[in-house]
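Peer 1: Below: one structure in structure tokens.
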Amino acid sequence: MDFRKTLLVPPGKTFRLKDIDPGYHGGITSAQEAAKHLDRYRQKLTDMQRLFYGDRNHALLIVLQGIDGAGKDGTCWHVISAMDPQGVKVQGFKQPTPAEKDHDFLWRVHPHAPGKGEVAVFNRSHYEDVLVARVHKLVPKPVWKARYDFINDWERLLHKDNNTTILKFFLYISKDEQLARFKERLDDPARQWKISDSDYKERDFWDDYIDAFEDALSRCSQKHAPWYVIPANHKWFRNLAVSQIIADTMDDMRLELPKPGVDLAQIRKLYHSAAQAEGGKAKTVKSGKAKAAKKKS
């Protein structure tokens, strides 16, 4: 199944999350079955990203958004980690600093856009400014409403001016699943560091966040920068779907390693000359050691 088709938010259409089952698993019946497919796509990601890094004709921006507990960190751990960290950077966006507040809302984001041959992952992103800022009324309605167009223009700029492929993932869990994951954090000492008072305060704004996400998905899913809604109640399906979409998208880029920038015939001559000279030195040293050992005996 091609999840790029089944999980795509159709550009230009109004999208409603009530039409999506967060427990959907694409016909994969178990974590064990999903793991086999995930291993294959993780290996494909490794291979594609090495080609991508060498090809250096494309940039790739991956945006991860979701309600608290949806698994943005987990996606980075299980999917993005398949790629070579030399060519990948992950950037999180928390509350704006005082300096960031003194600038336009995209000022803090643009420096982290990927260059050619780079993969940039936004763990939360510029969309926080039409989500949190909207839900908590941090800016007036006319301000956040205008930001959809600014976001679309900015993403179009990256695509047109720097050949950036943009993949945006909304990790979608149910309210009950979120509470179950909060309990896991509470019961597991290894996860307790993730607990925040805001986790429970933000649950009171669940419906407001759903409205905000629906508008962002509807207004900002573009052909060159699509949104995908990833049903994420099953972590194993979340990881599989995201890995497949990224790997298959990179595969479609028809990546190639660049041709050598040197005269290989000349380099081979230099290599053989060096090998012959160093081989001769090695034989001389070996012969000298053998003679010295004979004298001692």
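The values are calculated or read from the model by the stated rules, or taken from the named source; none is laboratory data. None of the values given here were measured: they were computed from a predicted structure. Positions of Cβ are backbone-derived with ideal geometry, glycine not excepted, and every protein chain shown enters the neighbour counts. Remember, those area values only see protein heavy atoms, side chains included, never the ligands or the DNA or RNA. Shrake-Rupley method; radii C 1.70, N 1.55, O 1.52, S 1.80 Å.
Peer 1: Where in region 211-238 does the amide nitrogen come within less than 17 Å of the point 7 Å from the Cα of S174, taken along Cα to Cβ?
Peer 2: It comes to 230-238, nothing else.
Peer 1: Test of understanding: in a Gaussian network model of the chain with alpha carbons linked when under 10 Å, which of K94, K160, K259 would top the mean-square fluctuation ranking?
Peer 2: Highest fluctuation of the listed residues: K259.
Peer 1: Measure nothing fancy, just the Cα-based angle from helix 264-296's long axis to the longest principal axis of the chain, in degrees from 0 to 90, nearest 10.
Peer 2: Compared with the principal axis, the helix lies near 60 degrees.
Peer 1: Taking 8 Å as the Cα distance limit and 6 or more residues as the minimum spacing, I'd like the relative contact order of the chain as a percentage.
Peer 2: It comes to 34 percent, rounded to a whole number.
Peer 1: Which value, in debye to the nearest 20, describes the size of the charge dipole of region 8-156 about its Cα centre when Lys and Arg Cβ atoms bear +1, Asp and Glu Cβ atoms bear -1, and nothing else is charged?
Peer 2: Charge dipole, region 8-156, about its Cα centre: 220 debye, nearest 20.
Peer 1: Mind listing the phi-derived Karplus ³J(HN,Hα) values for region 39-44, rounded to whole Hz, using 6.51, -1.76 and 1.60 with θ = phi - 60°, and x for any glycine or proline?
Peer 2: Listing the rounded values in order: 4, 5, 6, 5, 5, 5 Hz.
Peer 1: Exceeding 27 Å between C-alpha atoms, which entries from my cross-link table qualify? They are K137/K168; K18/K160; K116/K168; K116/K137; K141/K235; K223/K259.
Peer 2: Long pairs (Cα-Cα over 27 Å): K18/K160; K116/K137; K141/K235; K223/K259.
Peer 1: Just to confirm the filter: which chymotrypsin sites (Phe, Trp or Tyr not before Pro) across region 79-140 are DSSP coil and have at most 14 other Cβ within 10 angstrom of their Cβ?
Peer 2: W107
Peer 1: Around R124, under 11 Å between beta carbons, what's the net of Lys plus Arg minus Asp minus Glu among the other residues?
Peer 2: Taking every Cβ under 11 Å from that of R124, the sum is -2.
Peer 1: Exceeding 23 Å between C-alpha atoms, which entries from my cross-link table qualify? They are K13/K94; K175/K201; K94/K194; K5/K175; K5/K44.
Peer 2: From K13/K94; K175/K201; K94/K194; K5/K175; K5/K44, over 23 Å: K13/K94; K5/K175.
Peer 1: Which listed residue (L270, W107, I20) has the Cα farthest towards the positive end of the charge dipole for the chain, taking +1 on Lys and Arg C-beta and -1 on Asp and Glu C-beta about the Cα centre?
Peer 2: Of L270, W107, I20, it is L270.
Peer 1: Using +1 on the beta carbon of Lys and Arg, -1 on that of Asp and Glu, and nothing else charged, what's the dipole of region 92-214 about the Cα centre, debye to 20?
Peer 2: 180 debye
Peer 1: What ³J(HN,Hα) values, in whole Hz, does the Karplus curve 6.51 cos²θ - 1.76 cosθ + 1.60 give for region 54-65 when θ = phi - 60°, with x put for Gly and Pro?
Peer 2: x, 5, 6, 10, 10, 10, 9, 10, 10, 10, 10, 10
Peer 1: Relative to the longest principal Cα axis of the chain, at what angle does helix 175-187 sit, 0 to 90 degrees, rounded to 10?
Peer 2: 60 degrees
Peer 1: Using a Gaussian network model of the chain whose springs link C-alpha atoms within less than 10 Å, name the residue from A232, A113, A265 with the highest mean-square fluctuation.
Peer 2: A265
Peer 1: Take R191 and L264, extend 7 Å from each Cα along the Cα→Cβ direction, and tell me the distance between the two endpoints in nm.
Peer 2: Label at R191, label at L264, 5.1 nm between them.
Peer 1: I've got another one for you. Take the alpha carbon atoms of region 44-64, find their center, do the same for region 154-197, and report the distance between the two centers in whole angstrom.
Peer 2: Taking the Cα centre of each part, region 44-64 and region 154-197 sit 21 Å apart.
Peer 1: Below 15 angstrom from the Cβ of D84, what's the summed charge of the other residues (Lys, Arg +1; Asp, Glu -1)?
Peer 2: Residues close to D84 contribute a combined charge of +2.
Peer 1: Another question, if that's okay. In terms of modelled amide H atoms, which long-range or inter-chain residues lie less than 5 Å from the amide H of V121?
Peer 2: I62, K89, V90, Q91
Peer 1: Leaving out ligands, DNA and RNA, and with a 1.4 Å probe, what % of the accessible surface on region 35-74 is carbon or sulfur?
Peer 2: Within region 35-74, the accessible surface is 47 percent carbon and sulfur.
Peer 1: Any idea of H78's accessible area? Nearest 10 Å², probe 1.4 Å.
Peer 2: 80 Å²
Peer 1: Further question: Let me know the charge dipole size of the chain about its Cα centre in debye, to the nearest 20, where only the beta-carbon of Lys, Arg (+1) and Asp, Glu (-1) is charged.
Peer 2: It works out to roughly 2320 debye.
Peer 1: Shifting gears a bit: What angle, in degrees between 0 and 90 and rounded to the nearest 10, separates the Cα long axis of helix 206-220 from the longest principal axis of the Cα atoms of the chain?
Peer 2: Result, in degrees: 60.
Peer 1: Could you do me a favour and compute the accessible area per residue for the chain, 1.4 Å probe, result in Å²?
Peer 2: Per residue, the chain has 56 Å² of solvent-accessible surface.
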